[in-house]
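See structure below.
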Amino acid sequence: MNIQNYINGDMCAAQLGAVLDNYNPASGKVYGTIPNSDAQDVSKAYEAAAAAFPTWSNTPAEERFKVMNAIAEGIDNLRDALALAESNDQGKPLWLAKNEMIRAAQNFRFFATAAMQFASESHAMENRAINYTLRTPIGVVGCISPWNLPLYLFTWKIAPALAAGNCVVAKPSEFTPVTAAMLGEICTAAGLPNGVLNIVHGLGATVGQAIVEHPNIKAISFTGGTATGKHISSVAGPMFKKVSLELGGKNPNIIFADADLDKAIKTTVNSSFMNQGEICLCGSRVFVERSVYGQVKDALVKAVSEMKVGDPLDPATRVGAIVSKPHYEKVLGYIALAKEEGATVLCGGTALHPEGLENGYYIAPTILEGLSASARCNMEEIFGPVISIMPFDTEEEVLAMANATDYGLAATVWTEHLTRAHRVAAQLQMGIVWVNCWLLRDLRTPFGGVKSSGVGREGGWEAMRFFTEPKNVCIAL
Ligand code: NDP
């Protein structure tokens, strides 16, 4: 499939005509091309967005609501085709891609409603004055997203930006661009006016960089790696841009002896290996209270060894292909490093070459034991099907280990002890804490991390506030 940029409602090639190969990670083969765009294409996309802004920002919320709901419906109607495209592009099991398409539609539906409900505050100063806050759209904003949950995360940014009345220049990951291209067609069919959303494909270092550097793109919503986020901050900071950064994680999953262990073990298999472990919220460090350590370890190793790895299109597959060759090599490199750091591989630990897909990028789900809490493999984000399991003795000890990395995105806590749950949740230095569940998402809640996991929050009013500028109006009485 050869995809194109979506600028001013048109599908168009990069102005210089260059293309990049697009690989199917399940087979390791090139199966299409994407425009290798550059700053000229970003500039053209900006011009289209700037021209569309006066009308879109003054379009009544009710009209924005209708168009965004029509986009959600368009995603629902194309769910199977989008899911297949996403699976081919990313390597994730098809059944998982189908679930993610539900969420992509929900992102538009949720923020369509937010457009209708978003209201500002007013502050009365007794008999002296009344203040009210106007919340106006920013103008043209940039949305840059990663490859792990392609359409799910792309729409999670674009929907609130549009709901708040902004126009958008967006870039999906070069590794997973196809469903973003399909979204452009869906938006046009749904009646989104030309130029309101523009999608430019290509490399982060050229297209992403040009979006971040563009003097008139006033806000950047970015999800991706911490190193990229740091770079984006260094460019956008001196330009005084608004920046929202959702970055990496090294999430602890803490299992206390008093937990519902069956549920904890079952969920831990998912929270460790769903989407090949390529979800920023996956728990990669599993801490188990010593009295149940052996029992939990054995059950996890058994369940994980039985997970079917292979063809993403096979309904029985639980773990598909790693997104790209460089990432596959990076994950294998971390497994080799773990061994050097003294880890025992309890299961997995190797590349796999399923019959007929020998050149695809498959790694057996891997459980490591025996790493010190401060080993690099326990500190750095691997972002693949690799977890490290460790025993602990006390609450204080596990909190210290859980909080010991530079990251602070999400944690999972398993306990039936009510006060412990509250106590531990309060002390974890994370943006999100799940107790006795994982990835249970209410889209109204603040989403994001602390420390090197990011700056700012997405979700609900947090996203609507990010994509608007508050202005205080004070009227003397
Ligand atoms: P990257 O940081 O490599 O890329 C993210 C996006 O940024 C891509 O579209 C990329 O383009 C682009 N980009 C790269 N360089 C620049 C630049 N100089 N200027 C602007 N944009 C640039 O992350 P990955 O795609 O590898 O995604 C994995 C990371 O994302 C993991 O660390 C994961 O934890 C994190 N993540 C965080 C989430 C959160 O909510 N906190 C959710 C999901 C993932 P291209 O790839 O085309 O070069």
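The values are calculated or read from the model by the stated rules, or taken from the named source; none is laboratory data. For clarity, every value in this text was computed on a predicted model and none was experimentally measured. No Cβ is skipped: glycine too gets one built from the backbone with ideal geometry, and neighbour counts run over all protein chains shown. Remember, those area values only see protein heavy atoms, side chains included, never the ligands or the DNA or RNA. Shrake-Rupley method; radii C 1.70, N 1.55, O 1.52, S 1.80 Å.
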Dimensionless Rg ratio for segment 25-118, taking C-alpha atoms and the 2.2 N^0.38 Å reference = 1.38
Tail fraction, Cα-Cα pairs, segment 354-471, threshold 20 Å, whole percent = 57 percent
For segment 140-201, the Kirkwood Rh over every pair of distinct alpha carbons, in Å, works out to 11.4 Å
To the nearest µm²/s, what D does Stokes-Einstein give for segment 233-280 at 20 °C and 1.002 mPa s, using the Kirkwood radius over alpha carbon pairs as Rh?
-> 154 µm²/s
Two decimals is fine: what is log10 I(q)/I(0) at q = 0.16, 0.30 Å⁻¹ for segment 190-240, from a Debye sum with one equal scatterer on every Cα and no solvent?
-> -0.53, -1.31
Taking Lys and Arg as +1 and Asp and Glu as -1, residues besides L418 with C-beta under 15 Å from its C-beta add up to -2
The local net charge around F392, scoring Lys/Arg +1 and Asp/Glu -1 for residues other than F392 whose Cβ lies under 9 Å from its Cβ, equals -3
With every protein chain present, what is the per residue accessible area of the chain (1.4 Å probe, Å²)?
-> 39 Å²
In vacuo Debye scattering of segment 76-225, one point per C-alpha: log10 I(q)/I(0) at q = 0.08, 0.14, 0.15, 0.21 Å⁻¹?
-> -0.26, -0.69, -0.78, -1.35
Rounded to two decimals, what is Rg over Rh for segment 206-304 when you use alpha-carbon atoms and the Kirkwood radius?
-> 1.22
Restraint check, K230/K339; K230/K325; K92/K266, Cα-Cα greater than 26 Å = K230/K339
Mind ranking R103, R376 by accessible surface for me, highest first, 1.4 Å probe?
-> R376, R103
If contacts are Cα pairs under 8 angstrom and at least 6 residues apart, what is the relative contact order of segment 49-103 in percent?
-> 28 percent
Which three semi-axes in whole Å describe the equivalent ellipsoid of the chain, each the square root of 5 times a Cα gyration tensor eigenvalue, listed largest first?
-> 38, 29, 19
Restricting things to alpha carbons, find the Rg to Rh ratio for segment 132-174 using the Kirkwood radius for Rh.
-> 1.07
At the level of C-alpha centres, the distance separating segment 155-227 and segment 404-477, in angstrom, is 24 Å
